[in-house]
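Novice: Below you will find the structure I want to go over with you.
Each value in this text was obtained by applying a stated rule to the coordinates, not by laboratory testing. Note that this is a predicted model, so its numbers are computed, not measured. Here the Cβ positions follow ideal geometry from the backbone for every residue, glycine too, while neighbour counts run over all protein chains shown.
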Amino acid sequence: MRVITYGTFDLFHEGHRRLLERARALGDHLIVGVTTDSYDNSRGKLNVTQDVLERIRNVENTGLADQIIVEEYEGQKISDVQKYDVDIFAIGSDWQGHFDYLRDYCQVVYLERTKGVSSTQLRNAEGVISLGIVGAGRIARRMVAEARFVSGVSVEAVYSRTFERTQAFADELEIGRAHRSYDELLDGVSAVYVASPHHAHVEHVRRAIDRGRHVLCEKPLALTRAEADELFARAAAADVVLIEAIKTAFAPGFERMVGVARSGSIGEIRSVDATFTKLVRHGRELRAPDGGSISELATYPLLAIVKLLGTGYDTISTHSYRPADSAVELFSRIDLNFPHAISSARIGLGVKAEGDLVVAGTRGYLYVPAPWWLTEFFEVRFEDPRHNKKFYATFDGDGLRYELAEFCTMIRSGRRESFRLRAAESIAIAGIIESARAAAHTFG
């Protein structure tokens, strides 16, 4: 029986070896496809550290492959299966269902994800980061899926408030350990992704930092400026990475948009207007005291404002719509006045509006269509439309891979701040959210 499997095999570790051993056990001839750098880029694989020759040597050194080939393009698997007369295509079960189309050509086997690879083994592997997930909700689920596109990180454990839910989450997503306590999770990982409810973020981040763990925390990191300031000060004192997980900040398209806008191409920026709304009928977003449009969504438009105009605003005013039967506000507009510009952030959970971003300048303006926070396209527009220019960028998957890739890069490099989202910017956003919630003029 001839078996074929594929992978990047970057920073080769015990999980890779066990996958190859299982594939090898399915037949008597194992072919291993190693992806090229360009193909990894095209499929949204980030942070690949070693070049393709090094990764081929990683596989060769195991002695498990009878034949090694290079995977260069999407669709090559069908050709390879036929070209090499393959009987079985084998791949990790985190890709369950993704390659069912190959059943027309050979048997497809999804190999159960390697459980029981210890955190010590991962830490001893070159640069591999063992990650614990805090929370078992929708965003945590998406992060587990996105993590497979970031080289050198392995999701090894999960903790949430209810153990039954934690165990079900771990079983479904093939995570090795489901923990009953947060301290147990911190014992076995080198970094954590905090995706717990908003009110728990500060405490979960604080405890992780105090244990010397690197932290990637979902937005909002904190709901007050003082708490955000304290967390970054603790991280600096402990020499660990702390990033607020605002995925837009780390996306290539948004980064390029900020660069174009601030380069002077549209002149001096005089106004930024950003909108983010979604219709929510039930859930934690609508529950007091931490729900509402501001705490749930304001982080995104405020990110655009501080990246484009800075953190030195003079005044803030907020107007919110809160119907009599709602525990929280459902639509808000936050107006920030700067010495040199004005800005407006509109956010809504029960009101729908066009989710675009407009940056007005003295020579022209920049327009990002909805959903601007998933920036794939923007246009610079001028009085004379012949001078207009369109820009395109990649936004792969849910976008969480971009923040995770930056997080891992910072851990490995020893860098403790990212220019894509500086501590001062996260602190300023927390302060604006605090002020907006406290002093909103409410109607409804």
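Novice: Run the dipole for the chain about the Cα centre, Lys and Arg Cβ at +1, Asp and Glu Cβ at -1, nothing else charged, and hand back the magnitude in debye, nearest 20.
Specialist: Numbers: 55 positive and 61 negative charges, 150 e Å.
Rounded to the nearest 20 debye, it is 720 debye.
Novice: Using the crude model of +1 on Lys and Arg Cβ and -1 on Asp and Glu Cβ, and no other charge, please compute the dipole size for region 49-112 relative to its Cα centre, in debye to 20. Working shown, then result.
Specialist: On the way: 5 positive and 14 negative charges, 8 e Å.
That gives a dipole near 40 debye.
Novice: Could I ask something else about it? Computed from the coordinates I sent, semi-axes √(5λ) of the Cα gyration tensor in Å equals one of (i) 42, 26, 20; (ii) 36, 27, 22; (iii) 44, 24, 19. Tell me the label.
Specialist: (i)
Novice: How large is the dipole of region 331-416 about the Cα centre if only Lys and Arg carry +1 and Asp and Glu carry -1, each at its Cβ, rounded to the nearest 20 debye?
Specialist: On the way: 12 positive and 11 negative charges, 50 e Å.
Dipole magnitude for region 331-416 comes out near 240 debye.
Novice: Report, in listed order, any pair from LYS77/LYS389; LYS45/LYS307; LYS77/LYS219; LYS307/LYS390 with a Cα-Cα distance greater than 31 Å.
Specialist: On the way: LYS77/LYS389 38 Å; LYS45/LYS307 26 Å; LYS77/LYS219 39 Å; LYS307/LYS390 21 Å.
Violating the 31 Å limit, Cα to Cα: LYS77/LYS389; LYS77/LYS219.
Novice: Subtracting the Cα-Cα distance from 0.36 nm times the residue separation, let me have the gained length for ASP384 to VAL70 in nm, one decimal.
Specialist: Numbers: separation 314, 0.36 × 314 = 113.04 nm, distance 4.93 nm.
Roughly 108.1 nm would be gained on extension.
Novice: By how many degrees, between 0 and 90 and to the nearest 10, does the Cα long axis of helix 423-438 differ from the longest principal axis of the chain?
Specialist: Its long axis makes an angle of about 50 degrees.
Novice: Per DSSP H run of at least 4 residues, take -39500 (n - 2.57); add these up for the chain, divide by its residues and hand me the 222 nm value, nearest 500 deg cm²/dmol. Before the final figure, lay out the partial values.
Specialist: Details: 16 runs with 152 residues, N = 444.
After summing the helix terms and dividing by residue count, I get -10000 deg cm²/dmol.
Novice: In whole Hz, what ³J(HN,Hα) sequence does region 224-233 give by Karplus (6.51, -1.76, 1.60; θ = phi - 60°), x for Gly and Pro?
Specialist: 9, 5, 4, 5, 4, 4, 4, 5, 5, 5
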